[in-house]
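What follows is a single structure, written as structure tokens, with notes after it.
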Amino acid sequence: MLVVGSVALDTVETPFARKEEALGGAASYFSTAASLYNQVNLVAVVGSDFPREHLDFWRSRPVNLAGLQVQEGKTFRWVARYHMDMNARDTLDTQLGVYAGFHADIPEEYRRLPLLFLANIQPELQMEVLEQMPGACLTVLDTMELWIMTTRAQLTEVIKRVDILLMSEEEVRQYTGQASIVVGVRQLLTMGLKYVIVKQGSYGALLFGADGTYFSAPSYPLEEVIDPTGAGDAFAGGFLGYLSTVQPDLDGRYSIEDIKCAVVHGNIIGSFVCEDFSIGRLRTLTMDDIVTRYHALVDCSHFDPRWRNSMGMQSLAPR
Ligand code: AMP
């Protein structure tokens, strides 16, 4: 897998606690999550103020840092405050730092990688990377309100070129201007996407396919949310991380069942991230933990295709 996106220092306040300048950024969450499944190649930039310990942590994982530049200047910084309903937050400050004017030069050895994640960052930079990866068999795009509002035209060009778009419900409404998610997604699918995945925070995720597929992935009922930052990026890490362990067909395509399992892995990793600030919970997470939560989600979402009434057991008529 290859990922391009932000590596940041985040200051996050919830109604219960505050964390200053912790490791954040979409590509940080993605890389750490996806590295539980397979090797990740990170393309990003940090400033000369970026703490070494974070690089040392990634070196202890299958995260290739050959595409991570360290430039004179300030690391990307982001400040946000969550509401009591932690599905809602306000961004208080975004400082691009060394990302302003950053150009990615993808090493030759990376260009044949099959899975590409364009994590949240300027659409121009996402496009630059996409153009250097013509052989990628699956391209996934994420974005955020800032880019929808300030660089809509460039974002539109990127959307037209990728296979899968990840958006939160709110972002679908912001981008399409539609109150209905179903209508908004239908509009997005006319842009050439194969799938749109709508992230619903603590309520799970929805998968819509251009072929008419609709799948609702359950959420894990977390008792306590410490910090939901990065849940979307970790979702993408679980999604693509899982797909990287699956063999696509000869045309490089994944079956719909594989895509659905990948969405469930996304939900699971997203739920774990919320259990601590920053990437804290991902440091200790194991595949056994993932398997346990996978079973829990199968149990809580499985229901019998037959139903029972006073006349006894009824089988639904075949479709
Ligand atoms: P999420 O909670 O999944 O939406 O991701 C939040 C992460 O994205 C934080 O760690 C931020 O550092 C990073 N981030 C926030 N705003 C932006 C932005 N406009 N561009 C790139 N990364 C951002």
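The values are calculated or read from the model by the stated rules, or taken from the named source; none is laboratory data. On a predicted model such as this, the values are computed, not experimentally measured, just so you know. We place every Cβ from the backbone using ideal geometry, glycine too, and count neighbours over all the protein chains shown. When the accessible area is computed, the model is the full protein with side chains, heavy atoms only, and any ligands, DNA or RNA have been set aside. Shrake-Rupley method; radii C 1.70, N 1.55, O 1.52, S 1.80 Å.
List of remarks:
- Mean Cβ neighbour count within 10 Å, used as a protection proxy, ranking 251-257, 205-211, 161-167 highest first: 161-167, 205-211, 251-257
- Scanning residues 5 or more positions from Leu2 or on other chains, those with amide H under 5 Å from its amide H are Asn41, Leu115, Leu116, Phe117, with H placed 1.01 Å from N in the peptide plane.
- When the charge dipole of region 153-279 is built from unit charges on Cβ atoms (+1 for Lys and Arg, -1 for Asp and Glu) and taken about the Cα centre, the candidate among Gly184, Ile256, Ala231 whose Cα reaches farthest toward its positive end is Gly184.
- Per the Cα gyration tensor, region 51-138 maps to an equivalent ellipsoid with semi-axes of 27, 18, 16 Å, ordered largest to smallest.
- Bridgeable lysines around Lys74 (alpha carbons under 25 Å apart, same-chain partners fewer than 8 residues away excluded): Lys19.
- Highest-fluctuation residue, Asn309, Asn120, Asn87 considered, GNM on the chain with Cα pairs under 10 Å: Asn309
- Mean separation of Cα contacts under 8 Å (6+ apart) over length of region 232-319, as relative contact order %: 24 percent
- Considering only Val246, Val264, Val98, the Gaussian network model of the chain with Cα springs below 10 Å gives its largest mean-square fluctuation to Val246.
- Each of Val182 and Asn87 was given a label point 7 Å from its Cα along the Cα-to-Cβ line. The distance between the two points is 1.8 nm.
- Of the residues Cys300, Cys261, Cys274, the one that moves most in a GNM of the chain with alpha-carbon contacts below 10 Å is Cys300.
- Split the accessible area of region 235-312 by element, probe 1.4 Å, and carbon with sulfur accounts for 55%.
- Between Ala205, Thr14, Val98, the Cα set farthest toward the positive side of the dipole of the chain (charges on each charged residue's Cβ, about the Cα centre) is that of Ala205.
- Against the compact-protein benchmark of 2.2 N^0.38 Å, the Cα-based radius of gyration of the chain scales to 0.99.
- In a simple Cβ point-charge model (Lys, Arg +1; Asp, Glu -1; nothing else charged), the chain has a dipole of about 700 debye relative to its Cα centre.
- Net length gained if the chain between Met191 and Leu222 were fully extended (0.36 nm per residue, minus Cα distance): 7.6 nm
- Å² per residue, accessible surface of region 199-299 at 1.4 Å: 44 Å²
- Think of each Lys and Arg Cβ as +1 and each Asp and Glu Cβ as -1; about the Cα centre, that makes the dipole of region 147-301 roughly 560 debye.
- Rg to Rh quotient for region 8-112, alpha carbon positions, Kirkwood Rh: 1.00
- For region 1-104: relative contact order, % (alpha-carbon pairs under 8 angstrom, 6 or more apart): 29 percent
- Short-range pairs are left out: with C-alpha atoms under 8 Å and at least six residues apart, the relative contact order of the chain is 16 percent.
- Around the amide H of Gln178, modelled in the peptide plane, lies no amide H under 5 Å away from a residue 5 or more places distant or on another chain.
- Simple point charges give the picture: +1 on the Cβ of Lys and Arg, -1 on the Cβ of Asp and Glu, and for region 1-130 a dipole about the Cα centre of about 280 debye.
- Label-point separation in nm, Thr286 to Ala153, each point 7 Å along Cα→Cβ: 5.4 nm
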